[in-house]
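Remarks on the structure that follows.
What follows draws every value from the coordinates through simple rules; no lab data is involved. Here the structure is a predicted model, which is why all the values come from computation and not from measurement. Cβ atoms come from the backbone with ideal geometry, glycine included; neighbour counts cover every protein chain shown.
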Amino acid sequence: MAVLEYKTLSFQERKDHLLITLLQLFQTKIPLEELRQIAPFTIPTLHSICFSTVDQEKAAAKFSFLLTKYFDQLTTRLTGNKATYIHRNSGIPLIGNVAFGIVYRNSSIIEIKTNNACNLDCVYCSISEGLSSTKNDFVIEKDYMVEELQKVIDFVAEPVEVHIGVQGEPFLYADMEELIADIQQMDMVHTISIDTNGTLLTKEKIDRLAKNNKLQLNLSLDAIDEKAAQTIAGVKNYNVLQVKEIIASASQKIKVIVAPVLTSGYNEEEMEKIILWIKTLPVQPILGIQNFLRYKTGRNPAKEISWDQFYSLIEKLELKHDIKLKLHKDDFKITETKVLPKPFQEGDVITATIKSIDRFPHSVIAVAKNRTISVPHCEFKMNKRIKINIMRDKHNIFVGKLV
Ligand code: SF4
């Protein structure tokens, strides 16, 4: 008999398949008949599977083969979009792509991106993420992320901030609290900042997170008016009252930056209401109003306000309400750090191996020299070797063109 246990996987037996959930957010199915070919099985607990008449080693190898096979059909529960699980044995490095992994721009802020997908659908989202997204999602094994992050930090060899700025909502990642706790232990990290829409936080979670004294929460709040907040969040069940409660509670225990996005035609009148509400809180979080900017990849519902107009509005609000609203580079203690070598440069022609589909349709992730390269207009064929002309190499984010 063999009992296989998995912390990040859960199992539910259905009529003709085993439903497997990864990190509470991603799912795939294995046909029961294929499992029975290993041996008769039962599901003794949510996180374990028991095979009779086979030894532990054989069961583990055969089940792992089926997992790999059916993880190719992984989808995100929120949207049904395809998803790629990146783990130690996936052969996918964590440096090279702006949408997942580690982004190091030769400064003392290292960005990490554990997952995509978002439970909102904000009108201004600069990456068109959320419930209406049709892109491929990525999710990274927590321990793999921690190991690779430590390597980059060791290379930098200076105090750094780790910024969890995922293309999506980070608290959808079931291992987020553990990840933050692991980063908290890293000596060279002075700050762990995380961008969140706040909807998945609870007071209990805030209490647990507050044990990490390096943590800083950057929380979205775009309106006080409930209808306006729902319109901007793009979902009817967005509950601004609950988000306000979270901000009020978190500010007493954790450093909080509230970051509304001023979006023309949606929330100009709301900025003053947000300031007045923030000023009523027992511990006032930092308020950093941001200007909406149009992006090629964004939803772009409004025109941009010019920087002159934006700053003059912010200055007026600062004067009127005696509050600091402009955040400067100095507020974030960003310094230049060591340049991470690039294994190839723009213009190089290299050979790489296809390992996954990319975020956008008809594009793939290819891998060479411990970097990923996005290759648009390329058919996905696992492990196919392709020749690529490197078109972009800035900050070790690579884009290539099929030769
Ligand atoms: S919460 Fe963030 S990631 Fe999600 S839709 Fe809004 S802006 Fe995009």
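Structure values in brief
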quantity	calculated
Which of 115, 181, 378, positive extreme of dipole for the chain (C-beta unit charges)	378
Residues listed by number, region 191-208, amide nitrogen under 13 Å from residue 290 label point at 7 Å toward C-beta	194-198
Fewest-first ranking of 176, 188, using other Cβ atoms within 10 Å as the exposure measure	188, 176
Base-10 log of normalised Debye intensity for region 344-403 (one unit scatterer per alpha-carbon) at q = 0.16 Å⁻¹	-0.38
Members of 142/255; 253/333; 205/316 lying beyond 32 Å, as alpha-carbon distances in this model show	205/316
Farthest positive-ward along the chain dipole, Cα basis, beta-carbon charges - from 229, 138, 64	64
Rounded if a/c under 1.5, otherwise prolate or oblate - region 49-144, Cα gyration tensor axes	oblate
Surface/4 estimate of mean projected area, convex hull on alpha-carbon atoms of the chain, nm²	21.4 nm²
Between region 165-242 and region 5-31, the Cα center-to-center distance that results, in Å	27 Å
Added length on full extension, which subtracts the Cα-Cα distance from 0.36 nm per residue, residue 147 to residue 279	43.4 nm
Cα→Cβ-extended label distance, 7 Å offset, between residue 255 and residue 55, nm	5.5 nm
Positive minus negative residues near residue 357 (Lys, Arg vs Asp, Glu; Cβ under 13 Å)	+2
Net dipole in debye of the chain [+1 Lys, Arg Cβ; -1 Asp, Glu Cβ; about Cα centre; nearest 20]	920 debye
Burial ordering of 187, 195, 225, fewest other beta-carbon atoms within 10 Å first	187, 225, 195
Residue-count net charge about residue 2 - beta-carbon cut-off 9 Å; Lys, Arg +1, Asp, Glu -1	-1
Span-rule helices in the chain, defined as complete DSSP H runs reaching 18 Å or more along the axis (Cα) with Kyte mean at least -0.5	56-71, 142-156
Furthest towards positive pole of dipole, 30, 8, 94, structure part region 1-107, Cβ charges	94
Full-stretch length increase - residue 69, residue 338 - with 0.36 nm per residue and alpha-carbon distance subtracted	92.8 nm
Added length on full extension, which subtracts the Cα-Cα distance from 0.36 nm per residue, residue 5 to residue 326	110.5 nm
Residues of type lysines that residue 369 reaches as a straight line, Cα spacing below 18 Å, ignoring anything fewer than 8 places off in the same chain	151, 342, 355, 384, 387, 394, 401
Computed label-point distance, nm, for sites residue 154 and residue 379 using a 7 Å Cα→Cβ extension	4.2 nm
Span from the region 276-306 Cα centroid across to the region 102-120 one, whole angstrom	20 Å
Residue order, fewest to most surrounding Cβ atoms within 10 angstrom, among 299, 14	14, 299
Lys, Arg +1 and Asp, Glu -1 on Cβ, resulting dipole of region 87-243 about Cα centre, debye, nearest 20	220 debye
Unit charges on C-beta of K, R, D, E only; dipole of region 2-73, Debye	100 debye
Prolate/oblate/rounded label for region 254-346 (Cα gyration tensor, a/c 1.5)	oblate
